[in-house]
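Student: My questions all concern the structure below.
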Amino acid sequence: MRTHESQEMYLETILLLRSRKANVRSVDIVEELGYAKSSVSRAVNLLEDGGLIQIDENGDIALTAAGQKKAEDIYEKHRVITDAFIRMGADAKLAEENACRVEHVVSDEMFDIIKRYFAARSDTEPQEK
């Protein structure tokens, strides 16, 4: 299933919420993202229909294996791109905000290039501003 940016945001949010708490429900996503309950409900239903999450009888949301993989891939992009922006001289807040947008549009091929580039660079190289 090809995911869209909004679906990716939901998957990443569920991944991060599950790392902080045992049970994640739609209301937790509403609070985390500040979205309307109706929007979250629709997105959660689409993710469930797409086989990326499962919802139990108590409303607990769990990522399926496919959803877990997709969420981890998205979060890896987020972390690596944020770090790359910081290493290029951006402050943490600016890097975080922009990485959150870029992670959804950068291709897997380009992301691999970014990872290789920054892995090859030493952390001790001076950063240009």
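Student: Answer yes or no: is there a residue in the stretch 36-50 that is surrounded by 14 or more Cβ atoms within 10 Å (Cβ to Cβ), under 20 Å from TYR117 (Cβ atoms) and touching a residue at least 40 places away in the same chain (Cβ under 8 Å).
Tutor: no
Student: Here's a follow-up. Given the criterion buried (at least 18 other Cβ atoms within 10 Å of the Cβ) and out of contact with any Cys (no Cβ under 7 Å at 6 or more places or on another chain), identify the matching residue among ALA84, ALA62, ALA92. Full working, then the answer.
Tutor: Working: ALA62 fails: buried (at least 18 other Cβ atoms within 10 Å of the Cβ); ALA92 fails: buried (at least 18 other Cβ atoms within 10 Å of the Cβ).
Only one candidate qualifies: ALA84.
Student: Can you pull out the residues in the stretch 95-109 that are loosely packed, with under 15 Cβ neighbours inside 10 Å, aliphatic (A, V, I, L, M) and at pLDDT 95 or above?
Tutor: Residues satisfying the conditions do not exist here.
Student: Among the residues of the stretch 59-101, write down those that are among the aliphatic types (A, V, I, L, M), part of a helix (DSSP H, G or I) and in contact (Cβ under 8 Å) with a residue 24 or more places away in the chain.
Tutor: To start, the set of residues in the stretch 59-101 that are among the aliphatic types (A, V, I, L, M) comprises 61-63, 65-66, 71, 74, 80-81, 84, 86, 88, 90, 92, 94-95, 99.
Narrowing the set further to residues that are part of a helix (DSSP H, G or I) leaves 65-66, 71, 74, 80-81, 84, 86, 92, 94-95, 99.
ALA66, ALA71, ILE74, VAL80, ILE81, ALA84, listed by residue number.
The values are calculated or read from the model by the stated rules, or taken from the named source; none is laboratory data. Treat the numbers as computed from the prediction; the structure is a model and nothing was measured. Glycine gets a Cβ as well: all are built from the backbone with ideal geometry, and neighbour counts include every protein chain shown.
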